[in-house]
Amino acid sequence: MSAIGELQRMRKGSRGPLGGGRRDNKAAFVFLAPWFAGLLFITAGPIAASFVLGFTDYNLIQPPTFNGLDNFARMLTDARLHKALGVTLIYVVVSVPLQLGAALGLALLLDKGLRGLAFYRSAFYLPSLLGSSVAVAVLWRQIFGADGLINQLLGIEGRGWISDPDTALWTLIILNVWTFGAPMVIFLAGLRQIPRMYYEAAATDGAGKWTQFRSITIPLLSPIVFFNLVLQIIHAFQSFTQAFVVSGGTGGPSDSTLFYTLYLYQRGFGNFDMGYASALAWLLLVIIAGITAVNFWAAKFWVVYDD
Amino acid sequence: MRRTALAMAAVFALSACGSGGSASQELSKDPVTLRFTWWGADERHKRTQQVIDLFEKKYPNVTVKGEFKDWNGYWESLATTVAANDAPDIIQMDELYLSSYAERGALLDLGTASKYLKTADFDKSALDTGVVKGKQYALPVGLATYAIVANTDLFDKFKIKLPDDSAWSWEDLKKVGDEVSKAGGGKVTGFQSLGFDAGGMNIWIRQAGASLFDESGKVAVPPEVLTSYWTYVRDLAKQGVTPPPSVTIERASASLDQSGTATNTSALATWWNTQLSSLATASGSKLKLLRIPGEAQATSPGAYFKPSMYWSVSSRTQHPAEAALFVDFLANSEEAANIMLTDRGVPANKKIRTAITPKLTETDKAAAEYLDTTKVGPAPRVTPNGASNLEAIIKRHTEEVLFDRQTPEQAATSFIAELQAEIDGA
């Protein structure tokens with residue numbers, strides 16, 4: 001978890017990221033090179049192009065024409081965009097805390113030194129590997145379908161959960177919560193870093209389990225919580241596959257699963273509206289950057305960096 | 001800044017280049033590779049590959065590479081390849097997207113390839129369905145017409161008389177559907193659904209003497225016609241003639257094999273007549289094509305011939321002559337037709353239609369006969385540029401109505417506004 005260490009150091013500002021001396025950097029650059037080459041040759045070009053296309057009317061077939069800020073003005077009155085923003089926000093606000101809660105709860109359980117820990121850790125991590133895949137989204141369709149597993153277990157007939165606009169988004173939220181493995185593994189690593197002597201000292205002073213959790217675990221784990229929170233919020237904003245597969249690409253029923261990225265995709269590739277789609281991509285970047293900035297600012301009040 | 005400018009230049013260069021004008025209009029002696037893309041199910045892929053093999057045997061220097069997909073991913077993938085200047089040479093096209101591609105210059109005017117592509121055996125009215133702004137951008141492959149598919153086994157089972165379709169109304173359909181639903185006790189409903197495709201909506205609008213689009217490509221349907229349409233759709237669901245909304249929605253997005261007709265859970269359903277054979281195979285029941293309701297009461301005939309699909313050629317093809325030759329083979333060769341039969345609709349080519357008739361199966365014959373005996377009005381205008389998402393917009397508004405999130409009136413107004421905005425934005 002060197003990323004966390006890095007994050008902690010950056011926050012403290014005592015040692016800069018280059019503080020380790022020049023010799024270490026050479027190796028770092030070598031390891032970074034493949035990724036950097038990919039960024040430069042595969043990602044950077046399209047990123048720059050999409051920025052320019054955001055100010056054009058571009059239908060994928062004819063050359064783009066500049067239309068100034070028209071795309072951005074259009075966002076103000078685009079009802080489906082507002083709907084997509086609402087759906088995405090609910091998804092982020094509900095599913096991220098639930099997911100992190102589940103991850104932390106299981107990490108605490110596993111940290112107790114269970115027998116067969118490696119097995120449980122892998123078992124709980126598995127959904128994270130599968131979660132954003134097409135296969136699991138297809139499986140979800142089956143589970144929550146009208147003739148699906150849930151209805152068979154509950155003995156319900158004549159309603160589908162994914163095809164009902166009141167429940168469709170919740171099935172996706174459950175799917176996201178289920179993929180708590182990645183933050184869980186990070187939590188586990190964080191819990192291992194907390195020195196045992198703190199708990200021993202607290203126990204000697206007569207602190208109960210709850211007090212220990214509240215006064216030792218939570219503060220010392222807070223940088224990890226913060227790290228997971230930032231990552232999972234960004235991740236949730238960018239969710240696409242689940243909604244695409246579960247709704248058959250429509251974001252339906254009646255736009256109840258219209259994730260932001262799904263709407264962007266529809267405009268770009270379904271409506272040949274690539275200029276507007278590019279502008280939407282940049283708006284998403286601004287939104288995510290803004291929320292992340294707020295997150296970092298708020299961290300001052302609750303994240304504890306211990307030396 | 002320099003990088004931005006560079007990227008910009010790249011983008012513009014990419015999209016501006018190549019109109020295919022310089023490509024040779026003569027057949028080449030050298031090896032030529034054509035790419036051919038279509039959507040469809042397994043059966044179509046098998047048959048199409050056989051046709052390709054036949055063509056390659058006849059023209060050994062031409063290789064045809066098939067790229068086939070499911071309908072759902074087809075259009076995204078086509079849009080991406082066209083944008084990347086990597087469009088397949090021969091494209092299976094649909095009425096919904098024809099204008100969008102033709103008006104943006106992505107398709108070859110087939111009139112320029114008439115040396116190798118003959119259209120003499122097509123009716124002018126059929127050919128006209130492939131004309132956009134005066135040019136033949138696409139050649140219709142097959143024709144289809146909207147129909148009601150009735151599961152006669154289910155009617156027999158519940159001892160309900162099959163409705164007389166010679167003069168029945170939408171009210172009659174609702175009544176008999178209600179009877180079946182009551183007899184079916186929740187397992188079987190009388191009618192599958194309405195409000196999830198452009199065909200059904202077009203029929204409703206045309207029967208009211210209106211049309212969805214006017215000649216100039218503007219949305220022309222009066223809101224009250226759509227209000228009556230969605231009121232009817234809602235009543236069907238409320239009375240239990242169609243399944244509960246969430247079940248209907250789930251089925252509407254599933255494949256043909258999971259439909260109410262295929263699973264023997266809907267006694268009546270709307271389909272294109274050419275789907276009869278697939279449905280009969282999937283359901284294992286006896287199915288019969290009925291006339292669409294409301295025709296006797298209608299101001300003007302609702303029924304029309306819809307081109308099931310078209311052949312079109314990319315405007316950027318390097319081999320327009322060979323591409324035309326291949327389309328000619330698909331459209332005019334009896335050998336090819338004997339393999340394809342009615343998989344892509346009842347052939348629009350009249351000579352071919354006669355030639356393959358003796359080889360058809362029982363249900364294929366029934367479908368062809370239904371088409372020949374349907375009284376139709378002039379076909380609706382080709383879906384205008386920008387409106388290719390028509391079906392998605394219809395579906396979404398039906399969902400809003402079924403779940404009482406919008407009244408039929410609200411849906412009608414909102415539908416017209418959104419569709420017109422899409423057309424204006426294109």
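Some values worked out for this structure:
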| quantity | calculated |
| --- | --- |
| Residues located in region A:137-195, provided they are under 24 Å from residue B:188 (Cβ atoms), at pLDDT 90 or above and among the acidic types (Asp, Glu) | A:164 |
| Residue match in region B:168-185 (condition: within 14 Å of chain A (Cβ to nearest Cβ), surrounded by fewer than 21 Cβ atoms within 10 Å (Cβ to Cβ) and over 15 Å from residue B:290 (Cα atoms)) | yes |
| Yes/no for residue B:225 being away from chain A (no Cβ under 14 Å), assigned to a helix (DSSP H, G or I) and not acidic (Asp, Glu) | yes |
| Matching residues, region B:80-103, being over 18 Å from the mean Cα position of the chain (by Cα) and of a type in the set (Gly, Ala, Ser) | B:83, B:84, B:87 |
| Positions within region A:59-76 being modelled with pLDDT under 90, touching a Gly at 6+ places or on another chain (Cβ under 7 Å) and not aliphatic (A, V, I, L, M), in sequence order | A:62 |
| Residue check for residue B:346: under 25 Å from residue B:97 (Cα atoms), in contact (Cβ under 8 Å) with a residue 12 or more places away in the chain and crowded, with 20+ Cβ neighbours inside 10 Å | yes |
| Residue list for region B:375-404, filter: crowded, with 16+ Cβ neighbours inside 10 Å and either of a type in the set (Ser, Thr, Tyr) or under 18 Å from residue B:237 (Cβ atoms) (or both) | B:383, B:388, B:394, B:395, B:396, B:397, B:398, B:399, B:400, B:401, B:402, B:403 |
| Members of region A:60-71 that are within 31 Å of the chain's Cα centre (by Cα) and surrounded by 14 or more Cβ atoms within 10 Å (Cβ to Cβ) | A:60, A:70, A:71 |
| Residues located in region B:47-80, provided they are surrounded by 13 or more Cβ atoms within 10 Å (Cβ to Cβ) and charged (D, E, K, R) | B:47, B:56, B:67, B:69, B:76 |
| Where residue B:259 falls short, out of the listed (1) buried (at least 21 other Cβ atoms within 10 Å of the Cβ); (2) of a type outside the set (Phe, Trp, Tyr); (3) out of contact with any Pro (no Cβ under 9 Å at 6 or more places or on another chain); (4) more than 14 Å from every other protein chain (Cβ to nearest Cβ) | (4) |
| First in region B:174-199 and within 28 Å of residue B:382 (Cβ to Cβ) and not assigned by TED's automatic domain parsing to the domain that holds residue B:259, second anywhere and surrounded by fewer than 21 Cβ atoms within 10 Å (Cβ to Cβ) and of a type outside the set (Ser, Thr, Tyr), Cβ under 9 Å, 6 or more apart | none |
| Filtered residue count, region B:251-275, keeping only those that are modelled with pLDDT of 90 or more and not small (Gly, Ala, Ser) | 9 |
| Region A:107-129 - residue that is within 19 Å of the chain's Cα centre (by Cα) and surrounded by 16 or more Cβ atoms within 10 Å (Cβ to Cβ) and, of those, modelled with the highest pLDDT | A:107 |
| Whichever residue in region A:253-298 is in contact (Cβ under 8 Å) with a residue 60 or more places away in the chain, under 22 Å from residue A:135 (Cα atoms) and not polar (S, T, N, Q) and, among such residues, is surrounded by the most Cβ atoms within 10 Å (Cβ to Cβ) | A:253 |
| Residue within region A:161-173 that is within 11 Å of chain B (Cβ to nearest Cβ), free of Cβ contacts under 8 Å to residues at least 60 places away in the same chain and surrounded by fewer than 19 Cβ atoms within 10 Å (Cβ to Cβ) present | yes |
| Residue ID - nearest to the other protein chains (Cβ to nearest Cβ), chosen from residues in region B:95-114 that are crowded, with 20+ Cβ neighbours inside 10 Å and of a type in the set (D, E, K, R) | B:103 |
| Qualifying helices (runs of 4 or more DSSP H) (wholly inside region A:16-130; at least 2 residues being closer than 30 Å to residue B:104 by Cβ) | A:44-53, A:70-77, A:79-111 |
| Selection from region A:183-197 of residues that are crowded, with 16+ Cβ neighbours inside 10 Å and in a helix (DSSP H, G or I) | A:183, A:184, A:185, A:186, A:187, A:188, A:190, A:191 |
| Filter result for residue B:408 (modelled with pLDDT under 95 and more than 10 Å from every other protein chain (Cβ to nearest Cβ)) | no |
| Search result, residues across region A:168-182 that are assigned to a loop (DSSP other than H, G, I, E, B) and in contact with a Pro (Cβ under 7 Å, 6 or more places away or on another chain) | A:179 |
| Region B:303-355, subset part of a strand (DSSP E or B) and among the β-branched types (Val, Ile, Thr), residue modelled with the lowest pLDDT | B:346 |
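Matching residues to (1) of a type in the set (A, V, I, L, M, F, W, C); (2) touching a residue at least 24 places away in the same chain (Cβ under 8 Å):
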position	(1), (2)
B:76	no, no
B:83	yes, yes
B:93	yes, yes
B:96	yes, yes
B:102	yes, yes
B:111	no, yes
B:120	yes, no
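Residue by residue, here is whether (1) among the aromatic types (Phe, Trp, Tyr); (2) closer than 12 Å to residue B:154 by Cβ; (3) outside any loop (DSSP other than H, G, I, E, B) holds:
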position: B:263; (1), (2), (3): no, yes, no
position: B:270; (1), (2), (3): no, no, yes
position: B:279; (1), (2), (3): no, no, yes
position: B:288; (1), (2), (3): no, yes, yes
position: B:298; (1), (2), (3): no, no, no
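The values are calculated or read from the model by the stated rules, or taken from the named source; none is laboratory data. Since this is a predicted model, take the numbers as computed values, not measurements. Every residue, glycine as well, gets a Cβ built from its backbone with ideal geometry; the counts of neighbours run over all protein chains shown.
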